[in-house]
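*Asks:* The structure's right below; bear with me while I get my questions together.
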Amino acid sequence: MAVNELGDHLRQGHPLPCGRLVEDVFDDLDRGRIDDHGRTCVHCATARRSLTTLMEATRALVDDPAEPPPNLLDRIMQAVRAEGRRGEALPLVPIDDTGAAVVPDLGPVDISRQAVAAVVRYAADTVDGVRARSCRVTVDDADVGALRIEMTLSLRYGAGPANELVETVRARIGSALHGQVGVRAGAVDLEIVDVWPEEGP
Amino acid sequence: MSGAVPAGLDQAATTGGPGPGAPVLDDATLVARARDGDIRAFEQLVRRYQRRIYQLALRMTASRADAEDITQEVFVTAWRRLPELREDAAVVGWLYRTATNRCLNLLRSRKPVAEMDEATVAADRPADDPQRGAENTARREALVEALGQLPPAQRAVWLLREVHGRSYDEIAELVDTTPDAVRGRLARARVQLAERMTPWQ
């Protein structure tokens, strides 16, 4: 090509001894085309072989058997736990079986926000077609002794009418808080933020 | 959690993360939960992506020790910075970006003399078919060696595209350039790798 006289830096290519750019040979190979020069030129043929070798090696590297050491997960999780960001404690007012507030013998009970959130998420997950996402647990200011839950949900497409699913989640959260934490649910705000597709057969 | 834990709470808290047989949760759900401080959800993300991040770091740095450290740093930083992540489903891209930056920073700070880590590369398990396994191992080793001779930024672009299948747009954003520049770098990397693996002149 005449452009070659202007210098290779303009084409930013790697010329073979026959004058063709390696880049162009690769491009032809990618597109599965070849011209008369390419068919007979030994330099072009060598370049094509090189690329084929590289492509095979690339596949071998995609199937890289190098595994992270087995203890890396533990190392990471230990470091993550050491970071803190633990949920603070919630001052709770426990209730008895009739729902009446009880003053515990040992004074007020503090439990971790984190632990309550886990119970609430788990309760939502038990509803088929529902996944809990974010979950905020606070003391309900408008309802003394109750916890306020704000949760976002993802629903499976075709799992049923959204408002029915949401009401089922609300009921399960209420009974989980009562049965497993021993505290009453106040306001439970549920927001659907995503839908995931039905799993294949 | 204080000593006075209501019955059932502990159990529910520990089953908050999916045990065996539990549904596989999508990234967005895990990120939303991890952001609330759910360590088990975060652990699932680590399990899902630590191998890819480790392999990228290993092939970037050619050092197992560095790859382990970088993988750990990437995930601990992710945990710390989850609240800033806008798009929950974008966590993979974020992990790749952080890992690539860490690798490039590390390589910049290394002495210019290329010292190959002794405990590096290979030690690959043979595949089921020993002959094919040995061929793949040899190809992979040759490629890894050739990769080590590319400039780090070019190596990153090649690995992210050809081995990890990231998009041109994502890579461009990641190394702060344009998709066209990424294509150019990729073409140059291919030529150099192919040349190093099978000299054609």
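*Asks:* Hey, which of the strands (runs of 3 or more DSSP E) in the range A:108-194, taking only ones fully inside, have at least 2 residues that are in contact with a strand residue (DSSP E or B) (Cβ under 9 Å, 6 or more places away or on another chain) and open to solvent by 40 Å² or more (accessible area, probe 1.4 Å)?
*Replies:* Qualifying strands (runs of 3 or more DSSP E): A:130-139, A:146-156.
*Asks:* I would also like to ask the following. For the range B:138-201, which fully contained helices (runs of 4 or more DSSP H) count at least 2 residues that are facing chain A (nearest Cβ under 10 Å) and in contact with a Gly (Cβ under 6 Å, 6 or more places away or on another chain)?
*Replies:* Result: empty, no element qualifies.
*Asks:* Answer yes or no: is there a residue in the range B:12-23 that is part of a helix (DSSP H, G or I) and at pLDDT 75 or above.
*Replies:* No; the residues of the range B:12-23 include none that is part of a helix (DSSP H, G or I) and at pLDDT 75 or above.
*Asks:* Check B:33, B:59, B:52, B:47 and return the single one that is under 30 Å from residue A:195 (Cα atoms), assigned to a helix (DSSP H, G or I) and in contact (Cβ under 8 Å) with a residue 60 or more places away in the chain.
*Replies:* B:52
*Asks:* Let me ask another. Pick out the one residue from B:176, B:129, B:124 that is at pLDDT below 90 and open to solvent by less than 60 Å² (accessible area, probe 1.4 Å).
*Replies:* Exactly one of B:176, B:129, B:124 is at pLDDT below 90 and open to solvent by less than 60 Å² (accessible area, probe 1.4 Å), namely B:124.
*Asks:* Could I ask something else about it? Give A:73, A:29, A:21 a once-over and let me know the one that is facing chain B (nearest Cβ under 7 Å) and either surrounded by 13 or more Cβ atoms within 10 Å (Cβ to Cβ) or over 23 Å from the mean Cα position of the chain (by Cα) (or both).
*Replies:* When all the criteria are applied, what remains is A:73.
*Asks:* When residue A:37 is evaluated against the numbered criteria (1) within 30 Å of residue B:82 (Cβ to Cβ); (2) open to solvent by 40 Å² or more (accessible area, probe 1.4 Å); (3) modelled with pLDDT of 90 or more, which criterion, by number, is the only one it fails?
*Replies:* Only one criterion in (1) within 30 Å of residue B:82 (Cβ to Cβ); (2) open to solvent by 40 Å² or more (accessible area, probe 1.4 Å); (3) modelled with pLDDT of 90 or more is unmet by residue A:37, namely (1).
The values are calculated or read from the model by the stated rules, or taken from the named source; none is laboratory data. Remember, predicted model here, so these are calculated numbers, not experimental data. Positions of Cβ are generated from backbone atoms using ideal geometry, with glycine treated the same way; all protein chains shown enter the neighbour counts. Remember, those area values only see protein heavy atoms, side chains included, never the ligands or the DNA or RNA. Shrake-Rupley method; radii C 1.70, N 1.55, O 1.52, S 1.80 Å.
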